[in-house]
Protein chains: 2
Amino acid sequence: MRAAIMYGAGDVRVEDRPDPTIVQPTDTVVRTVLSCVCGSDLWPYKSMPATDTGRPMGHEFLGIVEETGSDVTHIKVGDLVVTPFTYCDNTCDYCKKGLQSSCRHGGRYGWDGVDGGQGEAVRVPQSDGTLVKLPVDADSELLPSLLALSDVMGTGHHGAVTAGVRPGDRVLVIGDGAVGLSAVLAAKRLGAEQIILMGRHTDRTDLGREFGATDVVAERGNEGIARVRELTGGDGADRIIEAVGSRQTLDTAFGAIIDGGTISRLGVPQYMEGPVGADMIMRNITLTGGVSPARAYIEELLPDVLSGVINPGRVFDQTVVLDEVPQAYKDMNDRRVLKALIRL
Amino acid sequence: MRAAIMYGAGDVRVEDRPDPTIVQPTDTVVRTVLSCVCGSDLWPYKSMPATDTGRPMGHEFLGIVEETGSDVTHIKVGDLVVTPFTYCDNTCDYCKKGLQSSCRHGGRYGWDGVDGGQGEAVRVPQSDGTLVKLPVDADSELLPSLLALSDVMGTGHHGAVTAGVRPGDRVLVIGDGAVGLSAVLAAKRLGAEQIILMGRHTDRTDLGREFGATDVVAERGNEGIARVRELTGGDGADRIIEAVGSRQTLDTAFGAIIDGGTISRLGVPQYMEGPVGADMIMRNITLTGGVSPARAYIEELLPDVLSGVINPGRVFDQTVVLDEVPQAYKDMNDRRVLKALIRL
C-alpha cells in the first residue's frame with residue numbers, strides 16, 4: 001500500500017509500505033476511505049529532526065473493514081467504521097471513566113509498529129474497543145463530518161465539556177484553527193449564550209460565526225484581553241477554551257477569565273511552565289483540559305452529525321488525494337488551508 | 001480596645017487601638033470571644049518589611065454582636081456570630097455563585113480601615129451577608145470547632161469540594177498543618193475511601209489519623225511520590241489537596257496524581273510558575289482550588305459541628321490570651337504549636 005511518511009521537518013513523502021495484516025487477534029485491518037491532516041501534525045512538520053526511517057503520519061480516518069482478528073466481535077468485514085485518534089480497549093478502568101486517551105492497552109497511530117492514518121490501509125489494535133460502526137454508506141455526503149468525530153470535533157467537544165460550558169455561559173475560544181472552530185460548535189451545542197472567538201483569519205472566523213460565535217476578537221495579548229473584558233461586562237469569560245498552545249495564548253486566557261472561571265486547554269503546550277501563582281489562587285481559577293478521549297464522545301455526537309444538527313466537516317476546506325498530501329502539509333503550514341481532507 | 005498589630009517580620013505587638021464604631025449602615029460591631037492565628041499569618045511574620053503604622057492581624061473570630069448599623073436586619077445585639085475570613089454582601093452575582101471570596105463589595109480584615117480579628121472588637125462591614133448566627137451559648141464547648149468554620153475547616157472543605165472528592169476516591173492530602181488536617185476531615189466527610197496524609201510531624205499526623213487518614217507518608221519529593229503510587233496500586237491518587245504552597249509540594253502533587261485526576265491547591269503559592277506543560281495535557285490533569293469562599297460553606301458544615309460528627313476545633317493545640325499572641329506567633333512559626341486559639 002501507499003502511505004504518507006514524515007522524514008523530518010518539511011519532509012513528507014508518499015511511498016510504498018507493507019500492506020497491514022492481522023498481528024494480534026484483537027486487530028482489524030481497515031481500508032481507508034477518508035483521512036485528513038491534523039494541526040498537531042504541523043508541530044513535527046516544523047521541528048522534527050531528520051531521520052532515515054521516517055514516521056507514518058495521520059491519526060484520523062474512517063474506512064471499510066477488510067479483515068478482523070479472531071477475537072473481534074463488534075465489527076465485521078464490510079462495515080464502515082470511524083476511529084478515535086488514539087486506539088483503546090474501551091474496557092479498562094480508565095476507559096470506563098471516559099478517559100480512553102489513557103487506556104491501559106491503548107496507543108497512538110504511527111507509533112510502535114502501528115500504521116498511520118494517512119495511508120491506504122491501517123491495522124487497528126484493540127479494534128473492538130476502538131472502532132465505531134457508522135450507519136451510512138461509504139458514499140454518504142456526511143462522511144467528512146463523521147470523520148471529524150475522529151479527532152477535531154471530539155477535541156473541541158472535550159474542551160467545552162472540561163471547561164464546564166453550561167446554558168447561559170459566556171465562552172471565549174482562543175484560536176481560529178479547526179479545533180477552535182469545533183470548540184465554538186461544541187460550546188454552542190452545550191448552550192453557551194455568548195461565544196467570543198479570538199482569531200484574525202476572517203475566512204476562519206466567518207465560519208466560526210456560522211458555527212455559533214457571537215463575537216470575534218482579532219486583537220491579541222493585552223489588547224485582546226481588554227476587548228474580551230469589554231465584551232463581557234468587564235469581568236471576563238466564564239469559560240475559556242484555549243486551542244492554540246502557545247505561552248502567549250495561555251497568558252491571554254488567564255487575563256480574560258472571570259474569577260471562579262475555568263480555562264480548558266486543547267493545544268499541545270509549546271511551553272513547560274505557566275502562570276499558576278497567587279493570582280490563580282486568589283481568583284479561584286481552574287486549569288483543565290487535555291488530550292481528548294475522543295472515543296468517549298463518538299456515540300454522543302454521532303446522532304447530531306447524522307441529523308445535521310452539527311456539520312463539523314465544514315472545517316475541511318481542501319480535498320486532496322494521497323499523492324498530494326505533502327502539498328497539503330505545506331498549504332496548512334503556510335495557513336493557506338484550514339484543514340485538508342484526504343480522499344483515498 | 002486592645003488588638004494585635006504586626007509591624008514587620010517577627011514583630012507582633014498587642015496595643016491600644018480606637019474602639020470600633022459603626023461607619024456604614026451595613027456595619028456591625030462584634031465583641032470578640034474567640035479568635036486564632038492562621039498559618040497564612042506566618043507568611044508576613046516571616047517576610048513583612050518593617051513599617052511604622054503596622055497592620056491589624058487576624059481574620060478568624062466569633063463573638064457577641066455589640067452594635068448594628070441601621071441597615072442590618074439579620075443580626076441583632078447579643079447574638080453570638082461567626083465570620084468567614086473575608087467579609088461579603090452574600091447577595092452579589094459572585095456570592096450567588098458561591099464565590100464569596102470574590103464578592104463585589106467584600107474585603108479582608110485588617111485592610112482598608114477594617115479591624116483585624118485578633119483584638120477585643122471588630123467592625124464587620126457587609127455584616128448582614130457576612131455574619132452567621134450560632135445557635136449555642138458563648139460558653140459552649142463547641143466554640144473552638146465553630147470558630148474553625150471561620151477559615152480552617154471551610155478551607156479544607158473547599159479543597160475537598162474543588163478536588164471533586166466523591167465516595168470511594170483515593171485522596172492525597174499534602175501538608176499536616178491545620179488546613180491539611182481539616183482537608184482530611186473534609187475528604188472523610190465526603191466519603192473518600194483512602195486518605196493518604198503526607199507529613200512528618202507525628203503529633204499532627206496522629207490527629208490526621210483520628211480525622212480519617214488511612215495512611216501517612218513521611219517521605220517528600222520523589223520518595224514521597226513513589227510511596228503514594230505504591231499505596232494507590234501504582235497509579236497515583238484520584239484527588240490531591242495541596243495544603244502547603246511550595247513549589248516542591250506542587251511538583252509532588254503532579255507526580256502523585258493519576259491520569260484524569262484533580263489537584264486542588266489551598267496553600268498560598270510561594271512561587272510564580274508551575275509545571276503545566278505537555279505532561280499535564282497528555283494526562284488530562286486538572287489544577288483547581290484557591291482561596292476558600294468560607295461563607296458559602298458555614299451553613300452546610302454547621303449541623304455536623306453542632307452534632308459532633310466533625311470536631312475541627314481539635315486543630316487548636318494551644319490556648320492563649322490576647323497579651324500572649326506575640327508568643328503564639330513565635331510558637332507556631334517554630335512549629336511548636338499547630339494552631340493557637342485566642343480566648344478574649
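Go through region B:240-252 and give me each residue that's more than 11 Å from chain A (Cβ to nearest Cβ) and hydrophobic (A, V, I, L, M, F, W, C).
B:ILE240, B:ILE241, B:ALA243, B:VAL244
Can you work out which of the residues in region B:28-87 that are free of Cβ contacts under 8 Å to residues at least 60 places away in the same chain and not in a loop (DSSP other than H, G, I, E, B) is surrounded by the most Cβ atoms within 10 Å (Cβ to Cβ)?
B:TYR87
Please work out if A:MET332 is within 14 Å of chain B (Cβ to nearest Cβ), surrounded by 22 or more Cβ atoms within 10 Å (Cβ to Cβ), in a helix (DSSP H, G or I) and among the aliphatic types (A, V, I, L, M).
no
Determine whether B:MET282 is of a type in the set (A, V, I, L, M) and within 25 Å of B:THR205 (Cβ to Cβ). Even if it seems obvious, please write down each step before you answer.
Working: of a type in the set (A, V, I, L, M): yes; within 25 Å of B:THR205 (Cβ to Cβ): no.
No; evaluated as a whole, the condition is false for this residue.
Return the only residue of A:MET272, A:MET280 being facing chain B (nearest Cβ under 9 Å) and open to solvent by 40 Å² or more (accessible area, probe 1.4 Å).
It is A:MET272.
Looking at region A:88-112, which of its residues are within 14 Å of chain B (Cβ to nearest Cβ), buried (at least 23 other Cβ atoms within 10 Å of the Cβ) and in a loop (DSSP other than H, G, I, E, B)?
Passing the criteria: A:CYS88, A:LEU99, A:CYS103, A:GLY106.
Tell me, yes or no, whether region A:1-10 has at least one residue that is within 20 Å of the chain's Cα centre (by Cα), open to solvent by 20 Å² or more (accessible area, probe 1.4 Å) and touching a residue at least 40 places away in the same chain (Cβ under 8 Å).
No, region A:1-10 contains no residue that is within 20 Å of the chain's Cα centre (by Cα), open to solvent by 20 Å² or more (accessible area, probe 1.4 Å) and touching a residue at least 40 places away in the same chain (Cβ under 8 Å).
Would you check which residues across region A:258-269 are hydrophobic (A, V, I, L, M, F, W, C) and more than 7 Å from every other protein chain (Cβ to nearest Cβ) and list them? Can you show your working first?
Step one: list which residues in region A:258-269 are hydrophobic (A, V, I, L, M, F, W, C), which gives A:258, A:263, A:266, A:268.
Scanning region A:258-269 gives A:ILE258, A:ILE263, A:LEU266.
Just to be sure, is B:GLY255 away from chain A (no Cβ under 13 Å), surrounded by fewer than 21 Cβ atoms within 10 Å (Cβ to Cβ) and either farther than 19 Å from B:SER35 by Cβ or modelled with pLDDT under 95 (or both)? Working first, answer last.
On the way: away from chain A (no Cβ under 13 Å): yes; surrounded by fewer than 21 Cβ atoms within 10 Å (Cβ to Cβ): yes; either farther than 19 Å from B:SER35 by Cβ or modelled with pLDDT under 95 (or both): yes.
Criteria met by B:GLY255.
Can you name every residue in region A:318-329 that is without any contact (Cβ under 8 Å) to a residue 40 or more places away in the chain and in a helix (DSSP H, G or I)? Let's see the steps before the verdict.
So in region A:318-329, the residues without any contact (Cβ under 8 Å) to a residue 40 or more places away in the chain come out as A:318-321, A:324, A:327.
Scanning region A:318-329 gives A:GLU324, A:GLN327.
Would it be correct to say that B:ASP259 is part of a strand (DSSP E or B), over 25 Å from B:ASN311 (Cβ atoms) and either polar (S, T, N, Q) or in contact with a helix residue (DSSP H, G or I) (Cβ under 8 Å, 6 or more places away or on another chain) (or both)? Reasoning before the result, please.
Values: part of a strand (DSSP E or B): yes; over 25 Å from B:ASN311 (Cβ atoms): yes; either polar (S, T, N, Q) or in contact with a helix residue (DSSP H, G or I) (Cβ under 8 Å, 6 or more places away or on another chain) (or both): yes.
So B:ASP259 passes the test.
Considering A:LEU322, A:LEU341, which residue is farther than 25 Å from B:ALA278 by Cβ and in contact with a Phe, Trp or Tyr (Cβ under 9 Å, 6 or more places away or on another chain)?
On inspection, the qualifying residue turns out to be A:LEU341.
Determine the pairs where a residue that is on the phi > 0 side of the Ramachandran plot, located within region A:241-265, has a partner that is surrounded by fewer than 21 Cβ atoms within 10 Å (Cβ to Cβ) with Cβ atoms under 6 Å apart, the partner being 6 or more residues away or on another chain.
A:GLY245/A:VAL268; A:GLY245/A:GLN270
Scan region A:174-189 and tell me whether some residue there is within 14 Å of another protein chain (Cβ to nearest Cβ) and open to solvent by 10 Å² or more (accessible area, probe 1.4 Å).
Yes: one or more hits.
Might you check whether a residue that is within 14 Å of chain B (Cβ to nearest Cβ), within 19 Å of the chain's Cα centre (by Cα) and not in a loop (DSSP other than H, G, I, E, B) occurs anywhere in region A:306-317?
no
Answer yes if at least one residue in region A:220-232 is within 14 Å of chain B (Cβ to nearest Cβ), among the charged types (D, E, K, R) and farther than 26 Å from B:ILE285 by Cβ, and no otherwise.
Narrowing region A:220-232 to residues within 14 Å of chain B (Cβ to nearest Cβ): A:232.
Okay, now just the ones that are also among the charged types (D, E, K, R), so none.
There is no residue in region A:220-232 that is within 14 Å of chain B (Cβ to nearest Cβ), among the charged types (D, E, K, R) and farther than 26 Å from B:ILE285 by Cβ.
Count, please, the residues in region A:118-144 that happen to be in contact with a Lys or Arg (Cβ under 7 Å, 6 or more places away or on another chain), open to solvent by less than 30 Å² (accessible area, probe 1.4 Å) and in a loop (DSSP other than H, G, I, E, B).
Selection size over region A:118-144: 0.
Just to be sure, is A:ASP115 closer than 24 Å to A:LEU34 by Cβ, surrounded by 24 or more Cβ atoms within 10 Å (Cβ to Cβ) and more than 14 Å from chain B (Cβ to nearest Cβ)? Before the answer, list the steps.
Numbers: closer than 24 Å to A:LEU34 by Cβ: yes; surrounded by 24 or more Cβ atoms within 10 Å (Cβ to Cβ): yes; more than 14 Å from chain B (Cβ to nearest Cβ): yes.
Considered against the rule, which asks whether it is closer than 24 Å to A:LEU34 by Cβ, surrounded by 24 or more Cβ atoms within 10 Å (Cβ to Cβ) and more than 14 Å from chain B (Cβ to nearest Cβ), A:ASP115 comes out as yes.
Looking at (1) of a type outside the set (Val, Ile, Thr); (2) more than 7 Å from chain A (Cβ to nearest Cβ); (3) open to solvent by 20 Å² or more (accessible area, probe 1.4 Å), find the lone condition where B:ALA237 falls short.
Single failed check for B:ALA237: (3).
Which condition does A:ARG295 not pass, out of (1) within 14 Å of chain B (Cβ to nearest Cβ); (2) in contact with a Ser or Thr (Cβ under 8 Å, 6 or more places away or on another chain); (3) not in a helix (DSSP H, G or I), if it passes all the others?
Single failed check for A:ARG295: (3).
The values are calculated or read from the model by the stated rules, or taken from the named source; none is laboratory data. Fair warning: this is a prediction, and the values are worked out from it, not measured in the lab. As a convention, Cβ positions derive from the backbone with ideal geometry for all residues, glycine included, and neighbour counts pool all protein chains shown. These accessible areas exclude ligands, DNA and RNA; they are computed on the full protein's heavy atoms, side chains included. Shrake-Rupley method; radii C 1.70, N 1.55, O 1.52, S 1.80 Å.
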